[in-house]
Amino acid sequence: MSPDHLAHWGAYSPEITHGEVTAVRPAPDDPCPSPLLDNVVGSLRHPLRTTTPMVREGWLRDGPGADPRRGEDRFVPVGWDDVIPLLAGELRRVYDRSGPESVFGGSYGWSSAGRFHHAQGQVHRFLGALGGYVASVNTYSAGTAEVLLPHVLGGGATVLRGLTSWDVLVEHTTLMVCVGGVPAKNTAVAPGGRTAHTTGSALTAMARRGTEFVLVGPDRRDLPAEVHGRWLPVRPGSDTALLLALGHELVVAGLHDEAFLRTHCTGADTAIGYLLGRTDGVPRSAAWAAPICGVEAGEIVALARRMAERRTMITVTFSLQRAEFGEQPVWAGVLLAALLGQIGLPGGGFGHGYGSVGDNGHPAHTGPIPTLPQGVNACRTRIPVARIADMLLRPGGEYPYDGATHRYPSIELVYWCGGNPFHHHQDLGRLREAWRRVPTVVVHEPYWTSTARHADVVLPATVTLERDDIGASRTEPVITAMRAAAPPHAGARDDYTIFAALAGELGVAERYTEGRTAAQWLRHLYEQWRATTPGRPDFDAFWAAGRTDAPALVPSTLLAEFRADPTGRPLATPSGRIELASARIASFGYADCPGHPVWHEPTEWAGSPRAARFPLVLLANNPATRLHSQLDFGPHSRGSKVAAREPVRMTTADAAARGLADGDVVRVFNDRGACLGGVTLTDDLLPGVVQMSTGAWFSPVPGVEPVLCAAGNVNVLTPDVGSSSLSQGCSGARVLVEIERWEGPVTPIRSHEPPGEA
Ligand code: PGD
């Protein structure tokens, strides 16, 4: 039987007893179902569900305004009949007084699978109907590359999502150099959900056919053991130096493809000049890179030769660009692949983020899929997504971004629906300070996340199992009828119903709903799609069958076509070619992102002055036991905790040097803040490197400054600085810390209980 539900981590059928999920059955034809499915068990009636609209006591009593109590205050239950006019009145006040430019509706977040009840789409549509809102651009996932790649390879989204298919790699690739690895944990997840997880089987098929794998990175767990890869344990943040040195060795050995550089690239002379040290006398040789990366020069030279001999695919994970100077490893990867002359050859070249999300490297639809139209946003002001705290702290302040100078708006109301900034943003102590300056914060959430706790108005949202929806995503072969399996919990309503009520109160009902109920929207979106996709059953037949075929999935051939005909099928770059040096980026004059790939020593770096105080490099990456922060209270996520805190993986030697043993509760700290974690010893990390996943629910201990999180949220430690002046992306992937035994009381984790009621 086909599964009847979709989450970003897979398709499944829930078993529901007395209104609660007691078990989940993965899709029968999924070769590698995700263990994240287990987190759904017990999630429908969990005590952390939001059950009724809540208004923060201080906001209700004193009205809108900056408030240091936000996040600590108690909440007052307010019925739907009262909360809708109350919130509508506040929206009307803000729009009348200050206009759309004072409302932040970027509302970044993955929320849930489902094409209609897509929380971010719904809030955008609603605020658009009210006159507009300040939006955000780019993603926390790949925001740095999304700005860089259009300059280098053209059409960021196309290139980012249009990787050579795994089946081509299985057939042709003989060496895969995995910079940052191909972490299995990330491939469990894809936006919109996957009905079959096939990245792992593609990797093992490659290994079986003799593809050699090299893992470049400090954590051996980032490449599945089954592919028997060779581990090159480079220092965190030094990948660019390694990639440049590999390029240097190709050039000095005469192994670079001059013809390809001439016919398909621009800027090769500048980039090669930098590799050879022509302008500054510093050749980026293997000998130069060896002490930076912690890898012997001979190994680098040997790898460069091997790459030239084989059909080589270079992949650089998204996590590497989620850092200060994050453009550099991506651009240096493109440079190296161009020097090899393999871009566009079957199974060769460069791919950004194989293994960063489960759908990367899989054929995608070219036709439409059912989608909620987001309406018109009349406000043109946008911020790069990870600059939210800056925006709130510096209204009117200027910042550079992609060649222009922009100004932050002055925000009076933040509206969030379907995301958790108190999970996803960096330097949470700083975010909390910024957040407390906003007069009004509204959040729709099914659970008492830390973002809900930091709101003034919390509206309880349903979860996907409580509503009908249509499931579809860009690489899925089917469109799924996601049928509600349980009634809404307590007083929860779906985001659409909430916005429709507010729109009615504010006189824009028709603009928002177009006169349709949620059920009528599903039928409308499906039938609209069917009109473009012949041969599909009508809505009733689709709904009864549970699924229908999506449009055909087509492998990407963008770079192959460009290779075959660089003049006839140019890239969407200024030159139409691969830009190994970009005159446009150079013209921006950014010291932190000049016109060609360069090595910059990062601030959060083992050799930096900060390292004298905070000598360990912490990898703050996406978790293996939940999606981001979602369902952190679920059985699979909870089962991974050590003494109820987020695990900190560290080597036996690093632990012994601090007198620590497996299972100890520790304080992980730097000058931004601290969090408690539980030690897990491992031999899979480079000494001096520790790893802690994002997504533990922020649980600040009251009255402690700088912030101390009892649950182990690493984003209290990470830097809130843009990756560069070019892209202003998230730079939370790595941070310097020190670790010591926690001698204080075993502090309760408040985030795993609902907040206090007045
Ligand atoms: P989620 O935990 O998925 O995190 O950040 P993101 O905000 O997407 O949050 C989604 C929220 O939506 C959950 O609280 C969920 O309950 C809620 N939700 C689900 N369904 C619905 C619904 O129907 N309606 C409503 N109203 N709400 C719903 C993820 C972001 O974190 C990402 S994508 C990345 S890649 C980043 N990664 C890192 C990193 O590598 N390192 C650091 N340090 N920080 C990161 N942060 C980023």
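The values are calculated or read from the model by the stated rules, or taken from the named source; none is laboratory data. Model, not experiment: these values are computed from the prediction. Glycine also receives a Cβ, built like all others from the backbone with ideal geometry; neighbour counts cover every protein chain displayed. Areas reflect the complete protein model, heavy atoms only, side chains present, ligands, DNA and RNA absent. Shrake-Rupley method; radii C 1.70, N 1.55, O 1.52, S 1.80 Å.
How far apart, in nm, are two points set 7 Å out from the Cα along the Cα-to-Cβ line at ALA583 and at ARG483?
Distance between label points: 6.2 nm.
Using a 1.4 Å probe over the heavy atoms of the protein chains, calculate the carbon and sulfur portion of the accessible area of region 297-414 as a whole percent.
Answer for region 297-414: carbon and sulfur cover 51 percent of the accessible area.
I need the phi-derived Karplus couplings for region 460-469: 6.51 cos²θ - 1.76 cosθ + 1.60, θ = phi - 60°, integer Hz, Gly and Pro marked x.
For region 460-469, the Karplus-derived couplings read x, 9, 6, 10, 4, 5, 9, 8, 7, 7 Hz, x marking Gly and Pro.
If the chain between ARG74 and ASP683 were fully stretched, how many nm would it gain, using 0.36 nm times the residue separation less the Cα-Cα distance?
Numbers: separation 609, 0.36 × 609 = 219.24 nm, distance 4.50 nm.
Between ARG74 and ASP683, full extension yields an extra 214.7 nm.
Keeping every protein chain present and rolling a 1.4 Å probe, give me the accessible area per residue for the chain in Å².
Values: 25500 Å² over 758 residues.
About 34 Å² of surface per residue is accessible.
Of ARG638, ARG430, ARG284, which has the most accessible area with a 1.4 Å probe, and how do the rest follow in descending order?
The residues order as ARG638, ARG430, ARG284, largest area first.
Taking amide hydrogens as modeled 1.01 Å from N in the peptide plane, which residues meet the under 5 Å criterion relative to GLU445, leaving out close sequence neighbours?
Answer set, sorted by chain and number: LEU459, ALA461.
How many nm separate the modelled label positions at ALA657 and GLU296, each set 7 Å beyond the Cα in the direction of the Cβ?
Distance between the two pseudo-spin positions: 2.3 nm.
Given a 1.4 Å probe and every protein chain left where it sits, what share in percent of the accessible area of region 1-155 is carbon and sulfur?
54
Assuming R0 = 25 Å, what is the FRET efficiency of ALA287 and ARG230, from their Cβ-Cβ distance, to the nearest 0.05?
Working: r = 21 Å, r/R0 = 0.85.
For ALA287 and ARG230, the calculated efficiency is 0.75.
Among 419-428, 516-525, how do they line up from the highest to the lowest mean number of other beta-carbon atoms within 10 Å?
Values: 419-428: 25.6, 516-525: 16.7.
Highest to lowest by the protection proxy: 419-428, 516-525.
May I ask you to derive the relative contact order of the chain, considering only C-alpha pairs under 8 Å and at least 6 residues apart, and to give it as an integer percent?
Relative CO of the chain lands at 20 percent.
Considering only protein heavy atoms and a probe of 1.4 Å, how much of the accessible area of region 609-752 is carbon and sulfur, as a whole percent?
In region 609-752, the share of accessible area belonging to carbon and sulfur is 56 percent.
Just to confirm a number: summing +1 for Lys and Arg and -1 for Asp and Glu over residues other than ARG74 whose beta-carbon lies under 10 angstrom from that of ARG74, what do you get?
-2
Not counting ligands, DNA or RNA, and with a 1.4 Å probe, what is TRP529's accessible surface area in Å² rounded to the nearest 10?
10
Per residue of region 54-70, what does 6.51 cos²θ - 1.76 cosθ + 1.60 with θ = phi - 60° give for ³J(HN,Hα)? Whole Hz please, x for Gly and Pro, Karplus curve as stated.
10, 10, 5, 4, x, 5, 5, 7, 9, x, x, x, 4, 7, x, 7, 4
Size of the dipole of the chain about the Cα centre, Lys and Arg at +1 and Asp and Glu at -1 on the beta carbon, nothing else charged, in debye to 20?
So the magnitude is around 340 debye.
Going by amide H atoms built from the backbone, whose H comes under 5 Å of the H on LEU736, apart from near neighbours?
LEU618
Taking the Cβ-Cβ separation of THR517 and GLU398 as r and a Förster radius of 41 Å, what is the calculated FRET efficiency to the nearest 0.05?
0.35
Once the dipole of region 609-752 is set up with Lys and Arg at +1 and Asp and Glu at -1 on Cβ about the Cα centre, which of VAL648, PHE698, LEU686 lies farthest towards its positive end?
Working it through, the farthest residue towards the positive pole turns out to be PHE698.
Once you have the Cα-Cα distance between ALA259 and GLU738, take 0.36 nm times their residue separation minus that, and quote the gain in nm to one decimal.
Length gained between ALA259 and GLU738: 167.5 nm.
What is the set of long-range amide H partners of ALA711 at a cut-off below 5 Å, with H atoms built 1.01 Å from backbone N?
Amide H to amide H, under 5 Å and 5 or more residues apart or across chains, ALA711 pairs with LEU676, SER699.
Just read off the accessible area of TYR447 with the full protein assembly in place, 1.4 Å probe, to the nearest 10 Å².
Here the residue's solvent-accessible area equals roughly 20 Å².
Residue-wise, which Karplus ³J(HN,Hα) couplings in Hz belong to region 136-145, taking 6.51 cos²θ - 1.76 cosθ + 1.60, θ = phi - 60°, and x for glycine or proline?
Karplus-based 3J(HN,Hα) across region 136-145 equals 10, 10, 6, 10, 5, 5, 9, x, 6, 5 Hz.
Using a 7 Å offset from the Cα along the Cα-to-Cβ direction at both ALA572 and ALA758, what is the distance between the two label points in nm, to one decimal?
Modelled inter-label distance: 5.0 nm.
Cα centroid distance between region 1-62 and region 132-180, in Å?
If you average the Cα positions of each part, the centres end up 30 Å apart.
Taking 22 Å as R0, compute the FRET efficiency from the Cβ-Cβ separation of GLU15 and HIS46 and round it to 0.05.
Efficiency at R0 = 22 Å is approximately 0.85.
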